[in-house]
1. I'd like the residue in region 249-308 that is in contact with a strand residue (DSSP E or B) (Cβ under 6 Å, 6 or more places away or on another chain) and in a helix (DSSP H, G or I) and, out of all such residues, is most open to solvent (accessible area, probe 1.4 Å).
2. Report whether or not Gly60 is touching a residue at least 24 places away in the same chain (Cβ under 8 Å) and assigned to a loop (DSSP other than H, G, I, E, B).
3. Looking at region 153-163 only, could you name the residues that are open to solvent by less than 10 Å² (accessible area, probe 1.4 Å) and under 10 Å from the mean Cα position of the chain (by Cα)?
4. Out of all the residues in region 178-196, which are small (Gly, Ala, Ser) and open to solvent by 10 Å² or more (accessible area, probe 1.4 Å)?
5. Could you check region 92-147 and list, in sequence order, the residues that are closer than 19 Å to Glu62 by Cβ, in a loop (DSSP other than H, G, I, E, B) and open to solvent by 10 Å² or more (accessible area, probe 1.4 Å)?
6. Within region 164-191, track down each residue that is over 17 Å from the mean Cα position of the chain (by Cα) and aliphatic (A, V, I, L, M).
7. Residue pairs, Cβ under 9 Å, 6 or more apart or interchain, first in region 318-337 and without any contact (Cβ under 8 Å) to a residue 12 or more places away in the chain and at negative phi, second outside any strand (DSSP E or B) and surrounded by 13 or more Cβ atoms within 10 Å (Cβ to Cβ). List them.
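The values are calculated or read from the model by the stated rules, or taken from the named source; none is laboratory data. On a predicted model such as this, the values are computed, not experimentally measured, just so you know. Heads up, the Cβs are rebuilt from the backbone with ideal geometry, glycines too, and the neighbour counts pull from every protein chain shown. With ligands, DNA and RNA removed, areas are computed over all heavy atoms of the protein, side chains included. Shrake-Rupley method; radii C 1.70, N 1.55, O 1.52, S 1.80 Å.
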Amino acid sequence: MRAVQLYGKENMRINNIEKPQINENEILLKIKAASLCGTDVRMYKNGATGIDKHHPLTLGHEISGIIEEVGNNVTSYKIGQRVSVAPNVGCGNCDQCINGNTHLCTNYRAFGIHLAGGFAEYLKIPEKAIQQGNITFLANSTSFEQAALIEPFSCVFNGQEIAGSFPGDSVLIIGGGPIGIMHAMLAFNKGAGQVILTDHHENRMEAAKKILPQLTILSGENLADKIAEKTQGKGMDLCIVAAPSPQAQTESMYYMVTNGRLLFFGGLPKNRENVAINTNILHYKQLRIFGCTRASLSSYRNSEKLIASGQVPIERLITNKYPIEEFKQALENAEKSIGLKNVITFD
């Protein structure tokens, strides 16, 4: 079968490798769609621990497909079922796993990051992932391409569940990439009174506005004054920093209403991870700052239901579709932020 494999820093190849063989407790998935994300780009640009020319890894963790084979001991799934797969698999024994937070397990393993991923014709689903509930059935109305975007959307869903997103909120999103637009989609779905998006790149804001005409876009220049005008001087109820920018995290406090909520979504580069914060604003405005990482299986399944309902137009984010033979072009587009979501599709 064909598979995209990483051999180290900026060393990616499309190989013909053996189709996985499953045992009686495993499932073989025929991949139908797999989407690229920033993690794939970072792993390509920087390499990853344990990956080298002797130990290549098949990338891809935003995946959907059809069950091709089912082990004899697997009773909950059948050949031919349409599914998507949450990528993070916990140990099953630690306190986080027992509490349902398998994505926060210290020893978690993820498809496309530690385990073979979905940029391949077939993917083996191990017993532990099956038992934990990483496989989600798809509604008939959900396309495989939409299903490949459940994973990033579930991270967005998880973040807004943690920070709280309520009807009537004024929501500011800093960062106009796919994640920022997903945050806007979900905020509108949750009943936000207004959603404002800002980004340094005008073309990104214009693209977001075409996808969500009800969105308000503001340039970063004199942003605090513009927000004050849009909120009658009150400030934002919820601010989501969906860009890897220390400056954006620092400045976000100046946009907030008293008792407002800040969500720092995503990480920062290792050499820029210490951020200056005016703690007097934090104190006197009684602000709350939240972080989030990955997504629980509950968030993943709820995201599938929301996408299937048609209330979140996730398909508008898909800019290009490519066969696996054109993966390098898809990767280049993702690396250069050309378009929004680039999806690899299989016959």
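1. Once the filter is applied, the top-ranked residue is Arg301.
2. Criteria met by Gly60.
3. Once the filter is applied, which keeps residues that are open to solvent by less than 10 Å² (accessible area, probe 1.4 Å) and under 10 Å from the mean Cα position of the chain (by Cα), region 153-163 yields Phe153, Ser154, Val156.
4. Gly191, Ala192, Gly193
5. Tyr108, Ile113, His114, Ala116, Glu121, Pro126, Gly133, Leu138, Ala139, Ser143, listed by residue number.
6. Once the filter is applied, which keeps residues that are over 17 Å from the mean Cα position of the chain (by Cα) and aliphatic (A, V, I, L, M), region 164-191 yields Val171, Leu172.
7. Close Cβ pairs satisfying both conditions: Glu332/Ile338.
Conditions tested, residue by residue: (1) at pLDDT 95 or above; (2) basic (Lys, Arg); (3) closer than 26 Å to Lys341 by Cβ.
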{"site": "Met1", "(1), (2), (3)": "yes, no, yes"}
{"site": "Ile22", "(1), (2), (3)": "yes, no, no"}
{"site": "Ala33", "(1), (2), (3)": "yes, no, yes"}
{"site": "Leu36", "(1), (2), (3)": "yes, no, yes"}
{"site": "Val41", "(1), (2), (3)": "yes, no, yes"}
{"site": "Ile63", "(1), (2), (3)": "yes, no, yes"}
{"site": "Val74", "(1), (2), (3)": "yes, no, no"}
{"site": "Lys78", "(1), (2), (3)": "yes, yes, no"}
